[in-house]
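The values are calculated or read from the model by the stated rules, or taken from the named source; none is laboratory data. Fair warning: this is a prediction, and the values are worked out from it, not measured in the lab. As a convention, Cβ positions derive from the backbone with ideal geometry for all residues, glycine included, and neighbour counts pool all protein chains shown.
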Amino acid sequence: MSYRPAQPAQCIIPPYLLEALVRNGTAEQRDWALRTLSLDASLRMARVLSGPARPPVAPGRLTAQPRPQPQRTIFDAQGNETLPGREVRAEGGSPSADVAVNEAYDGLGDTFGCYRDAFGRDSIDDAGMPLRATVHFGQAWDNAQWNGEAMVFGDGDGTLFGSFTASIDVIGHELTHGVTQYEAGLAYLDQSGALNESISDCFGSLVKQFALGQTAAQADWLIGADLVLPGFHGSALRSMSAPGTAYDDPVLGKDPQPATMRDYVSTAQDNGGVHINSGIPNRAFCLVATALGGHSWEQAGTIWYDALRDARVGPNTRFAGFAQATLRAAQHAYGDAASATVRSAWTDVGVL
Amino acid sequence: MSSDPLRVTITRSGGVAGVRRVWSVEVRSLSAEQSAELRRLVAAAEEPRAAAGGAPPNSSRPSPGVPDAFSYTMEVERRTGHRRTVTGPVTDTAAPIEAVRRLLDFLRTYGTPKAVG
Ligand SMILES: [Zn+2]
């Protein structure tokens with residue numbers, strides 16, 4: 001599948017710059033920016049005016065700097081495990097004959113674009129960090145990873161999994177581990193680790209929905225659907241709408257994800273089941289996005305993004321603490337009805 | 001020798017896929033040369049520093065892992081009874097635990113993948 005970025009902004013000035021103008025511009029600029037914003041953005045503006053959630057943008061930066069652009073570099077490990085490997089495509093370079101190179105390049109661009117246009121974020125660190133990715137790492141390596149500095153993709157085992165560059169949501173998932181690293185810093189263990197995993201699934205899915213221009217109702221809410229091969233008995237690695245139903249495979253067993261706290265899995269493996277129990281907050285997000293309707297990144301995504309940046313969400317935050325942060329974010333940005341929707345979702349999955 | 005391994009199993013969890021994979025080898029299925037190689041690999045992988053990824057083995061509170069790194073559990077069954085060695089997270093892209101990696105390569109070559117129960 002080929003993903004082309006949607007055209008989300010009707011206005012040539014992205015919302016985050018308008019928000020910055022409201023915050024830091026002259027009276028004239030501020031009036032113009034407020035008039036230009038849509039109703040939805042105006043609701044968000046109430047938050048911008050009253051809340052300290054986002055760091056102020058220096059006025060000089062507004063006028064002097066153009067819209068942030070990704071700075072991508074793709075490397076090829078050629079089946080070895082030495083990083084970064086040979087440079088094969090730089091920003092603006094021609095497409096490669098190698099599909100994995102182009103998938104990585106496009107996926108990094110889609111992720112950068114989603115964070116920039118939907119959330120006003122400038123790359124992983126919100127400071128323009130260049131994006132680097134290595135493809136063809138190792139032999140039959142069935143994984144993708146953010147190693148703290150760059151992305152690494154394997155080719156899969158060729159039986160169950162193909163190249164891990166094939167799923168845009170997996171690329172978004174991995175880069176979101178970088179975002180979480182720079183924001184809440186959720187410790188990768190037990191509930192905070194499952195929350196870290198869930199944040200990556202939520203924004204990974206949002207990146208895909210954003211690139212395809214899908215609404216919450218149109219989204220498949222699957223993670224890794226495009227990288228599983230016919231030998232894999234299932235539709236994807238995880239289902240956010242119906243955790244525990246993504247696969248039932250003779251080799252891998254059945255999808256172990258719970259959908260509610262009642263079925264929370266206590267285990268020593270997988271850092272305390274971080275890829276298992278993430279099903280619970282995943283489903284909460286899917287319920288919120290579906291109930292609020294429209295494009296998931298607009299309201300549900302904003303609520304989750306603001307919660308991730310909430311000062312009270314830190315390395316040891318558990319499900320209930322994050323749920324409270326989403327309630328505060330929903331109330332602040334969208335008011336009582338949205339807050340009630342968020343509370344209902346967390347109650348459905350047994351967290352509140 | 002009575003402490004020689006009978007069966008060696010490595011379970012891998014984690015990774016972005018979050019699926020478990022299991023590889024196992026029966027010593028009786030190996031040639032004498034392969035058995036000797038397996039004994040060497042197991043001894044190296046059981047060496048405490050290798051098995052725990054530099055941390056003290058069997059520490060009560062595990063430390064947070066690296067996102068989407070693989071974690072490995074190695075189980076060595078012997079005539080004298082079962083013994084289990086739990087490894088810490090292995091960051092393939094940053095700090096591979098060579099001894100465990102070499103043992104896993106051996107199991108992939110000479111052993112069989114098992115279904116996850
Ligand atoms: Zn992950």
- Message: Anything in the range A:151-173 that is more than 13 Å from the ligand (Cβ to nearest atom) and part of a loop (DSSP other than H, G, I, E, B)? List them, or say none.
- Response: A:154, A:155, A:156, A:157, A:158, A:159, A:160, A:162, A:163, A:165, A:166
- For the range B:78-85, state whether one or more residues are more than 16 Å from the ligand (Cβ to nearest atom), surrounded by 17 or more Cβ atoms within 10 Å (Cβ to Cβ), at pLDDT below 75 and more than 25 Å from residue A:144 (Cα to Cα). yes
- Test residue A:137 against the stated conditions and say whether it is touching a Leu at 6+ places or on another chain (Cβ under 7 Å) and either hydrophobic (A, V, I, L, M, F, W, C) or under 20 Å from residue A:207 (Cα atoms) (or both). no
- Message: Could you check the range A:282-326 and list, in sequence order, the residues that are over 15 Å from the mean Cα position of the chain (by Cα) and hydroxyl-bearing (Ser, Thr, Tyr)?
- Response: A:290, A:317, A:326
- Hits in the range A:256-281 - residues which are away from the ligand (no atom under 16 Å from the Cβ) and either under 19 Å from residue A:199 (Cα atoms) or under 25 Å from the mean Cα position of the chain (by Cα) (or both): A:258, A:259, A:260, A:261, A:264, A:265
- Going through the range A:253-297 in order, the residues found to be more than 14 Å from every other protein chain (Cβ to nearest Cβ) and free of Cβ contacts under 8 Å to residues at least 40 places away in the same chain are A:263, A:264
- Within the range A:278-318, work out how many residues are of a type in the set (Gly, Ala, Ser), surrounded by fewer than 23 Cβ atoms within 10 Å (Cβ to Cβ) and touching a Leu at 6+ places or on another chain (Cβ under 9 Å). 1
- So, of the residues in the range A:130-149 that are buried (at least 19 other Cβ atoms within 10 Å of the Cβ) and hydrophobic (A, V, I, L, M, F, W, C), which turns out to be farthest from the other protein chains (Cβ to nearest Cβ)? A:131
- Those residues that are of a type in the set (Lys, Arg) and under 16 Å from residue A:238 (Cβ atoms), I need them from the range A:268-317; list them, please. A:283
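Yes or no, residue by residue, for (1) modelled with pLDDT of 85 or more; (2) away from chain A (no Cβ under 14 Å); (3) farther than 22 Å from residue B:109 by Cβ:
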site	(1), (2), (3)
B:37	yes, yes, no
B:42	yes, yes, no
B:53	no, no, yes
B:67	yes, no, yes
B:74	no, no, no
- Query: List, please: which pairs have Cβ atoms under 9 Å, are six or more places apart or on different chains, and start with a residue in the range B:4-22 that is within 18 Å of residue A:254 (Cβ to Cβ) and more than 16 Å from the ligand (Cβ to nearest atom) and end with one that is acidic (Asp, Glu) and at pLDDT below 90?
  - Reply: B:11/B:75
- Going by the structure shown, is residue A:234 within 11 Å of another protein chain (Cβ to nearest Cβ), small (Gly, Ala, Ser) and farther than 15 Å from residue A:276 by Cα? yes
- Query: Picking from A:166, A:127, which residue would you name as being surrounded by fewer than 21 Cβ atoms within 10 Å (Cβ to Cβ) and not aromatic (Phe, Trp, Tyr)?
  - Reply: A:127
- Message: Looking at the structure I just gave you, is residue A:321 in a helix (DSSP H, G or I), surrounded by fewer than 24 Cβ atoms within 10 Å (Cβ to Cβ) and on the phi > 0 side of the Ramachandran plot?
- Response: no
- Residues within the range A:174-191 that are of a type in the set (A, V, I, L, M), within 12 Å of the ligand (Cβ to nearest atom) and either within 25 Å of residue A:261 (Cβ to Cβ) or without any contact (Cβ under 8 Å) to a residue 12 or more places away in the chain (or both), tallied: 1
- Could you pull out the residue among A:138, A:92, A:148 that is modelled with pLDDT under 95, more than 16 Å from the ligand (Cβ to nearest atom) and in a loop (DSSP other than H, G, I, E, B)? A:138
- Is the range A:248-256 home to any residue that is acidic (Asp, Glu), within 22 Å of residue B:73 (Cα to Cα) and in a loop (DSSP other than H, G, I, E, B)? yes
- Using the structure shown, decide if residue A:161 is within 22 Å of residue A:101 (Cα to Cα) and in the same structural domain as residue A:273 (by TED's automatic domain parsing). no
